[in-house]
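Note sheet for the following structure.
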Amino acid sequence: MIYIKIMKRLSDETFQLIQQLYQPPTWLKNLWGKQETPFSLLERIEKSAEPLAIPNLLSFAIRERNEYTLAAARTIHNLLGRHSVKDLALLDEHTRICSPYFFHFWAWNDIQPDDLENLSHFQDFQVSILGVGSFHNNGFVREKAVKELSDIFTGKELPYLLIRLNDWVPNVQEIAFAAVAARLRSDYAAYFVDCLALVVWLSKRNRIDQGSMVGSIEELLKTESSYPALLNGLNSQDRYIRRACFRIAFDANAMDRTAIIERGSKDKDILIRLWSVQKVKGIKEAEKITYLLGIFRHDPYMPVRREALRIYIEKFPEQALDQLRLALLDSHFLMRDEARYQIKKRYAMDFAAFYRNSLAQGNEICSAISGLGETGSVSDESFILPYVHHPLTRIRRVSIKALEKINPIANTDLFLQVLFDPSASVSREAANALKTSKHFVNSQRLWNDLERASQPHVKANLLFLIADLPKWESIFYLIKAASSDNEFVSTIAYQKISYWQSHFNGSFIPPTASQKTNLLRLLADDKNPIDTNVRQGIEFFLKSM
């Protein structure tokens, strides 16, 4: 689905401005100069940038017929201009399905079909006025708006006609269909490109099968005369338009597919890059395939690199080993895993030895350490330990993670020391590693370390580990931490206590006699000032055990 956001209801402030707009000036306010002019009100409404203000302004613009109507039309036009064409479909839905009493569309519901006649005096704003009229809940009003729009050929009317293709009233739908069909010509290609997000939206509607019209639009854009507009759409700021343009361009037989794929490889949208690499399969020339896969091999998005590797193996199986060796040292674990899987199917290789050799040669140290952690054994610990204190943060972090995988229990003391690393990410990795061997961690040592810790990230990670201790051990130390003079520590501790209380029934292990005695003594100690509600809650739990 394209539309995942919900349009905000009209704010009270903007609603009051609209109310003032419709209220006639009083002699008393004019006397005291407190009556705000419609020009000023319209300017403030426009600055609010609230799309649901638009329906409320339409009646003022087309029914009042005074010196302010052109300003109201301009405000509607400018508010619409703040939103992309795909948002027009969302506005259409909201203006019809929402209760007029909830959104205060009192003037909106009074609009009649005759109100949409002879609007040429609005000049550049005419399409915006008729477009909003095409969103009306009254089918006759929508029909009139669509008829008027169908006589305008500026391209600005196209989004509103496309939306009405999905109308539930057959008359409105047929007029819109005929109007769009009349615009299926090369000079309208650029306008259809700008509306491709709505074309995609139409293809996903279930009310009416729009396959024929959507197909006709796409066929128009595949014609040679439409190529300039289609290529221009590849540079659109709207990713939905770019996606649609790339999808159509890939299927346009006369276009240079290699050039399109290369262009897609540079797009910032990961989905377009993924589509682009998948299209390499359809290229016949080996030289072009090698060139394109060489680009995708360095893509920052792992699924793109993985797809490029798979295509290379499929197209050039005899030369695949070199690419697989490079993938073994990829920064992403899923790429390394994919490479090992593909190698196992074709060759015999000692992966741990490969990573040890890479470390010895200094090739891709981070990836080699990670790979050794994924494939090595306890005996490989000695190859990783020297990197635990490496000057580069990333290398220290992956070293801790690798040790956690191959020998976590034996390195418990090391992980406790690394908790004090100046890098927050390394310290956090050590905390995660200690969760693996938490039954071998002394709770008193965690508390002692917390008391001597100075850096906030170290304190936070120690509290993270304390909260993960066995049920009654953790609450004892969390209560002590909650009474700390350090606001940072006490705040986190209270958060952990709240979680402990809400998950109390997650286990039914009762406290030992000594644990219960120590807890009650701690709660009664005046040196540990703790929140009354927390104290009473813990005491209640203890009495129930």
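Things worth noting here:
- Answer residue from segment 345-384, given it is exposed (fewer than 13 other Cβ atoms within 10 Å of the Cβ) and of a type in the set (A, V, I, L, M, F, W, C) and is nearest to LEU414 (Cα to Cα) among those: VAL378
- Residue under evaluation ALA402, criteria (1) touching a Gly at 6+ places or on another chain (Cβ under 8 Å); (2) more than 24 Å from ARG325 (Cβ to Cβ); (3) not β-branched (Val, Ile, Thr), criterion not met: (2)
- Candidates in segment 425-445 are the residues that are among the aliphatic types (A, V, I, L, M) and within 17 Å of HIS390 (Cβ to Cβ); of these, the one that is surrounded by the most Cβ atoms within 10 Å (Cβ to Cβ) is ALA430.
- Residue within segment 517-536 that is over 41 Å from the mean Cα position of the chain (by Cα) and buried (at least 19 other Cβ atoms within 10 Å of the Cβ) present: yes
- Filter result for the condition that a residue is modelled with pLDDT of 90 or more and within 16 Å of ASP92 (Cβ to Cβ), over SER150, SER134: SER134
- The residues on offer are ARG273, ARG340, ARG346, and the sole one that is over 30 Å from ILE406 (Cα atoms) and in contact (Cβ under 8 Å) with a residue 12 or more places away in the chain is ARG273.
- In the condition set (1) touching a residue at least 40 places away in the same chain (Cβ under 8 Å); (2) closer than 29 Å to PRO456 by Cα; (3) not aliphatic (A, V, I, L, M), GLU374 is compliant with all but (2).
- Pairing each residue of segment 412-425 that is within 15 Å of ARG452 (Cα to Cα) and in a loop (DSSP other than H, G, I, E, B) with any residue that is at pLDDT 95 or above and among the β-branched types (Val, Ile, Thr), provided the two are 6+ apart or on different chains, yields C-beta distances under 7 Å for LEU419/VAL458; PHE420/VAL458.
- Within segment 160-211, restricting attention to residues that are in a loop (DSSP other than H, G, I, E, B) and in contact with a Leu (Cβ under 7 Å, 6 or more places away or on another chain), the residue that is surrounded by the most Cβ atoms within 10 Å (Cβ to Cβ) is CYS195.
- Tally of residues being farther than 20 Å from THR258 by Cβ and among the basic types (Lys, Arg) across segment 293-307: 1
- Taken over segment 237-259, the criterion of being free of Cβ contacts under 8 Å to residues at least 24 places away in the same chain and in a helix (DSSP H, G or I) is satisfied by ALA249, ALA259.
The values are calculated or read from the model by the stated rules, or taken from the named source; none is laboratory data. Since the structure is predicted, the reported quantities are computational estimates derived from the model, not experimental observations. Using ideal geometry, Cβ is built from the backbone for each residue, glycine included, and neighbour counts are taken over all protein chains shown.
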